[in-house]
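The values are calculated or read from the model by the stated rules, or taken from the named source; none is laboratory data. Small disclaimer: the values here were computed from a predicted structure and weren't measured. No Cβ is skipped: glycine too gets one built from the backbone with ideal geometry, and neighbour counts run over all protein chains shown. We work out accessible area using only protein heavy atoms, side chains counted, and drop any ligands, DNA or RNA first. Shrake-Rupley method; radii C 1.70, N 1.55, O 1.52, S 1.80 Å.
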Amino acid sequence: MKKISTEKAPKAIGPYSQGIITGSLLFASGQIPIVPETGDIIDGGIEVQAEQAIKNVGEILKEAGTDYTRVVKTTCFLADMNDFAAFNAVYEKYFTEKPARSCVAVKTLPKNVLCEVEVIAEV
């Protein structure tokens, strides 16, 4: 297994890696809308937070030598299912190959953000 780490995505806020490659797959940890340069949650609603979380995923993909088009599965967590349509509007700009996906609403996300996105991708 190979650990993936990049300064261009938020540092892990717990005992985990940003991503792990095993075989030909990258398993990326969930990304929330933290601005990597400051460590702060980006201000704004679901669209702004989804954009930042997905960009953070993109930096981990890049560090692993892959990209959004090679993502085979996403898991998306929303603080409010009423944000589903707005989240999808941002999501579909990045995940153009339409990977398999689960999307659920949860009671609370880390740092009380509105969304979190994790991926599995081919490398």
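Structure notes:
- For ASN82 and ALA105, the difference between the fully extended length at 0.36 nm per residue and the C-alpha to C-alpha distance is 7.4 nm.
- Solvent exposure of region 5-123, expressed per residue, is 51 Å² of accessible area, with all protein chains present and a 1.4 angstrom probe.
- Note on region 4-50: Cα convex hull, mean projected area over all directions, 3.9 nm².
- Within the chain, the cysteines lacking any other cysteine Cβ closer than 4.7 Å to their own Cβ are CYS115.
- Contact order relative to length of the chain, as percent, for alpha carbon pairs under 8 angstrom and 6 or more apart: 32 percent
- Helix 46-63 and the longest principal axis of the C-alpha atoms of the chain enclose an angle of approximately 0°.
- Listed residues ILE13, ILE120, ILE34 arranged by accessible area, highest first, probe 1.4 Å: ILE13, ILE120, ILE34
- Mean shadow area of the chain, taken as a quarter of the surface of its Cα convex hull (nm²): 6.8 nm²
- In nm, spacing of pseudo-spin labels at THR96 and LYS11 (7 Å Cα→C-beta vector): 3.5 nm
- Whole-percent carbon and sulfur share, accessible surface of region 1-105, 1.4 Å: 52 percent
- Candidate lysines for bridging to LYS55, where Cα separation is under 20 Å - those fewer than 8 sequence places away on the same chain excluded: LYS3, LYS8, LYS11, LYS73, LYS93, LYS98, LYS111
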